[in-house]
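Colleague: My structure is below; once you've seen it, I'll send some questions.
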Amino acid sequence: EASLLRSRIFRRMGDYAGFHRQIELARRFDADIQRIELETTLADAQIRSAEDTEAKLIALLNHPGRNGADVCDTYTNTLARQGRLAETQTLINAWRKDFPQDPKPCLKLARIAEHELNYQKAESEYRSAIAISPRYAPALYSLARLLLDRKQPEEALGLFLRCADIDQRLQVPCNIGEAKCLIMLGQPERAETVLISIANTDTKALAVAFQQIGFPLEGNPIAYELGKLKSNKGDFEEAETLLQRAVSANPFDLDARYALAIAQRGSGKVELANQQFEHVAFTRKELAKTESMRSHLATHPDDVETRFQIGEIYLKYQSPRLGIYWLQSVLSIDPSHTATHRTLASYYFQHVDDYPTYRDLGRYHEHLAGGAAIAAD
């Protein structure tokens with residue numbers, strides 16, 4: 001029983017090596033074979049495309065037992081990862097109907113609405129999740145973040161504080177949100193005090209905390225916010241150190257690069273600042289190309305080559321996570337698109353040192369690309 005529960009935890013964390021260790025222990029202890037097959041199917045669905053596991057997932061949904069919500073969770077993640085948002089929403093609505101006391105379907109519909117820039121619907125769904133479960137931390141945090149982005153810091157601040165009070169493990173992400181609210185409310189001194197109090201937070205612990213609320217840790221948000229505050233005060237050298245740390249943590253963060261350039265210019269390092277300004281301008285120009293492409297997809301959604309181009313641009317210049325999403329959307333239309341499999345395999349193999357679980361993903365896409373030389377590229 002313990003091995004099965006640990007396997008589920010490792011699966012949800014994306015630690016497939018840990019998952020397979022626990023599943024093998026469960027087999028050795030003669031665990032129920034149906035439960036082993038359930039966890040194995042869900043783990044496979046998290047790695048492989050929906051086409052490879054869809055029949056098994058549908059079979060599980062036809063006879064869900066006590067695991068219906070978990071199957072829906074995994075299946076909707078798989079569909080959304082491949083850009084199949086209409087199917088994702090249909091399944092989530094069925095999930096919500098069958099499990100009316102589960103706040104997670106509302107949370108997922110809100111995330112989709114945000115992706116579609118429908119912020120009013122996103123806010124409504126987040127509030128629905130909180131109405132179902134007032135102590136559901138992911139919805140509290142997500143609503144606070146959305147309200148902050150929509151320039152409503154007063155309510156956002158209260159939600160961040162409430163979320164941190166409910167789950168102390170989320171204290172630091174909520175502190176970052178609190179500081180951003182205080183800055184927007186014209187209280188930079190209080191914001192700086194909050195950020196300094198969490199400045200030495202372990203990166204891995206922070207990543208786990210963000211994972212618990214359903215967001216990946218991107219860059220070093222503490223260093224970024226504190227660096228901007230220092231720069232605004234004229235402490236350019238200290239600001240440069242902090243902002244360089246933020247850029248090193250996420251080289252794709254153009255806002256951090258721009259803030260770094262301002263700090264460098266303020267401390268007299270004009271040449272370095274100009275290099276950063278030029279990099280930001282060039283990258284934004286490249287990203288601007290995707291605007292017409294996305295408009296084209298509004299009327300030609302099955303144009304896989306355009307989707308592939310968008311995915312490559314995002315993977316190279318903005319966000320690997322967003323780039324992978326667009327490349328996966330290509331495979332949802334054309335599962336045998338060789339260039340997409342090669343691009344994904346190459347990316348995963350290049351980042352195995354940072355994410356060991358990428359090795360399995362790399363091998364999977366390498367196999368579908370029809371070549372064994374990708375790992376050495």
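Colleague: Using per-residue counts of other Cβ atoms within 10 Å, averaged over each peptide, order 184-192, 250-258, 101-109 from highest down. Can you show the working numbers first?
Modeller: On the way: 184-192: 15.3, 250-258: 19.2, 101-109: 21.2.
Highest-to-lowest ranking by the protection proxy: 101-109, 250-258, 184-192.
Colleague: For the chain, calculate the relative contact order in percent as a whole number, restricting contacts to Cα pairs under 8 Å that are 6 or more residues apart.
Modeller: This gives 10 percent for the chain.
Colleague: With axes computed from alpha carbons, what is the tilt in degrees of helix 304-317 against the longest principal axis of the chain, rounded to the nearest 10 within 0 to 90?
Modeller: Taking Cα atoms only, the helix is inclined about 40 degrees.
Colleague: Mind running the shape call on the stretch 286-371? Use the C-alpha gyration tensor, a ≥ b ≥ c as the square roots of the eigenvalues: rounded below 1.5 for a/c, prolate if a/b tops b/c, oblate otherwise. Please list the in-between numbers first.
Modeller: On the way: a/c = 2.82, a/b = 1.52, b/c = 1.86.
Oblate shape, in that a/c is at least 1.5 and b/c is the bigger or equal ratio.
Colleague: In square angstrom, what is the accessible area per residue of the stretch 242-377 with a 1.4 angstrom probe?
Modeller: Here the per-residue accessible area is 52 Å².
Colleague: Counting only helical runs of four or more DSSP H residues, what would the 222 nm mean residue ellipticity of the chain come to if each run contributes -39,500 (n - 2.57) and the total is spread over all its residues?
Modeller: Working: 21 runs with 290 residues, N = 377.
Rounded to the nearest 500, the figure is -24500 deg cm²/dmol.
Colleague: Still on this model: Using Cα springs under 10 Å in a Gaussian network model of the chain, which residue among Val304, Val270, Val247 shows the largest mean-square fluctuation?
Modeller: Comparing Val304, Val270, Val247 in the GNM, the peak value goes to Val270.
Colleague: Roughly how much of His296 is accessible, in Å² to the nearest 10, using a 1.4 Å probe?
Modeller: Here the residue's solvent-accessible area equals roughly 60 Å².
Colleague: Of Ala273, Val247, Ser142, whose Cα points farthest to the positive end of the dipole of the chain (charges on the beta-carbon: +1 Lys, Arg; -1 Asp, Glu; origin at the Cα centre)?
Modeller: Farthest towards the positive pole: Ser142.
Colleague: Kindly identify the stretch 68-129 as rounded, prolate or oblate by the Cα gyration tensor criterion: order the square roots of the eigenvalues as a ≥ b ≥ c, call it rounded if a/c is under 1.5, otherwise compare a/b with b/c, prolate if a/b is larger, else oblate. If you can, show how the numbers build up before the last one.
Modeller: Values: a/c = 2.21, a/b = 1.12, b/c = 1.98.
Taking the square roots of the gyration eigenvalues as a ≥ b ≥ c, the stretch 68-129 is oblate.
Colleague: Tell me, what is the FRET efficiency for Arg66 and Thr241 to the nearest 0.05, using R0 = 56 angstrom and their Cβ-Cβ distance as r? Intermediate values should be presented prior to the final figure.
Modeller: Working: r = 52 Å, r/R0 = 0.93.
The computed FRET efficiency comes out at 0.60.
Colleague: Counting Lys and Arg as +1 and Asp and Glu as -1, each charge on the Cβ, what is the dipole of the chain about the Cα centre in debye, to the nearest 20? Can you show the working numbers first?
Modeller: Values: 46 positive and 51 negative charges, 87 e Å.
In debye, rounded to 20, the chain gives about 420.
Colleague: Can I ask one more? Give me D for the stretch 233-377 in µm² s⁻¹, whole number, from Stokes-Einstein with Rh from the Kirkwood sum over alpha-carbon pairs, 10 °C and 1.306 mPa s.
Modeller: The calculation lands on 93 µm²/s.
Colleague: Now, a different point. How large a share of the accessible area of the stretch 58-169, in percent, is made up of carbon and sulfur atoms when the probe is 1.4 Å and the other protein chains stay in place?
Modeller: Details: 2810 of 5420 Å².
Exposed carbon and sulfur together represent 52 percent of the surface.
Colleague: Same structure again: Using only the heavy atoms of the protein chains and a 1.4 Å probe, how would Tyr126, Tyr224 rank by accessible area, largest first? Could the numbers behind the result be given before it?
Modeller: Numbers: Tyr126 0, Tyr224 35 Å².
My answer, sorted largest first, is Tyr224, Tyr126.
Colleague: Find the relative contact order for the stretch 1-130 and round it to a whole percent, using C-alpha pairs within less than 8 Å whose residues are 6+ positions apart.
Modeller: Details: 113 pairs, mean separation 17.6, N = 130.
Reported relative contact order: 14 percent.
Colleague: Same structure again: Hey, any idea what % of the stretch 261-308's accessible area is carbon plus sulfur with a 1.4 Å probe? Can you show the working numbers first?
Modeller: Details: 1570 of 2960 Å².
Looking at the stretch 261-308 in its full context, I get 53 percent from C and S.
Colleague: Taking only C-alpha pairs under 8 Å that are 6+ residues apart, what is the relative contact order of the stretch 209-365 in percent?
Modeller: Working: 169 pairs, mean separation 18.8, N = 157.
Computed over the stretch 209-365, the figure is 12 percent.
Colleague: Using packing as a proxy for protection, rank 206-214, 343-351 so that the peptide with the highest average count of other Cβ atoms within 10 Å comes first. It would help to have the intermediate numbers written out before the result.
Modeller: Details: 206-214: 16.2, 343-351: 20.2.
Top of the packing list down: 343-351, 206-214.
Colleague: Also, quick follow-up: What residue among Ala288, Ala137, Ala179 has the largest mean-square fluctuation in a Gaussian network model of the chain, using Cα springs under 10 Å?
Modeller: With Cα springs under 10 Å in the chain, the top fluctuation among Ala288, Ala137, Ala179 is at Ala288.
Colleague: Could you rank Ile132, Ile47 by how accessible they are, 1.4 Å probe, largest area first? Before the final figure, lay out the partial values.
Modeller: Details: Ile132 55, Ile47 20 Å².
So, going from the largest accessible area down, we get Ile132, Ile47.
Colleague: If the elastic network links every pair of Cα atoms under 10 Å, which of Leu117, Leu161, Leu143 fluctuates the most in the Gaussian network model of the chain?
Modeller: Between Leu117, Leu161, Leu143, it is Leu117 that shows the largest mean-square fluctuation.
Colleague: Would the stretch 81-225 count as rounded, prolate or oblate if I go by the C-alpha gyration tensor, calling it rounded below 1.5 in a/c and otherwise prolate when a/b exceeds b/c, oblate otherwise? Numbers along the way, then the final one.
Modeller: Details: a/c = 1.95, a/b = 1.79, b/c = 1.09.
Because a/c hits 1.5 or more and a/b exceeds b/c, the stretch 81-225 counts as prolate.
The values are calculated or read from the model by the stated rules, or taken from the named source; none is laboratory data. Owing to the predicted nature of the structure, the values given are computational and were not obtained by experimental measurement. In this analysis, Cβ positions are derived from the backbone assuming ideal geometry, glycine residues included, and neighbour counts consider all displayed protein chains. Calculation scope for accessible area: heavy atoms of the full protein, side chains included, ligands and nucleic acids excluded. Shrake-Rupley method; radii C 1.70, N 1.55, O 1.52, S 1.80 Å.
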